[in-house]
1. If you go through region 35-58, how many residues are at pLDDT below 90, of a type outside the set (Ser, Thr, Tyr) and open to solvent by 70 Å² or more (accessible area, probe 1.4 Å)?
2. Output the residue which, of all residues in region 83-102 that are part of a strand (DSSP E or B) and among the hydrophobic types (A, V, I, L, M, F, W, C), is most open to solvent (accessible area, probe 1.4 Å).
3. Could you grab me the full set of residues in region 59-71 that are outside any loop (DSSP other than H, G, I, E, B) and open to solvent by less than 90 Å² (accessible area, probe 1.4 Å)?
Amino acid sequence: MPEPEGEDHVPRSTFMLIFRGGAVSRDGLSPSELQAHVEKWYRWSEELAGQGRRNTGTALDGPGATVRGRDLVTDGPYAESKDLVTGSMIIEAASLEDAIEVARGCPTYEFGGSVEVRPIQDYRI
């Protein structure tokens, strides 16, 4: 689909927000605390959609596994819980600085989480 033309059109790039730690990596949260936190995530995602930023993503589950080469698979990953990747989201933003501003609104900071912001290469150019 072609990009819209006109003076209101701001070229957008695609960025991945990588979430680490936060509420899902913590033990001892009550169901009501977790539910209230999840509702903040839904509101934040809806705000981004309302701003016209395509956003898709998901939380991760399990402990998963780590594959190192073809023959070595281990349980894990085992890292400090604050460093575990707990989810990701793809958004559109005008620039890296704009994407960082979006990341600043993320609810993960409430429980000590962090967000890594990475541009996604566009091979169509």
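1. 1
2. Restricting to residues being part of a strand (DSSP E or B) and among the hydrophobic types (A, V, I, L, M, F, W, C), the top hit is Val85.
3. Ala59, Ala65, Thr66
The values are calculated or read from the model by the stated rules, or taken from the named source; none is laboratory data. None of these values were measured; they are calculated from a predicted model. Protein only, heavy atoms only, side chains kept; ligands, DNA and RNA dropped before computing areas. Shrake-Rupley method; radii C 1.70, N 1.55, O 1.52, S 1.80 Å.
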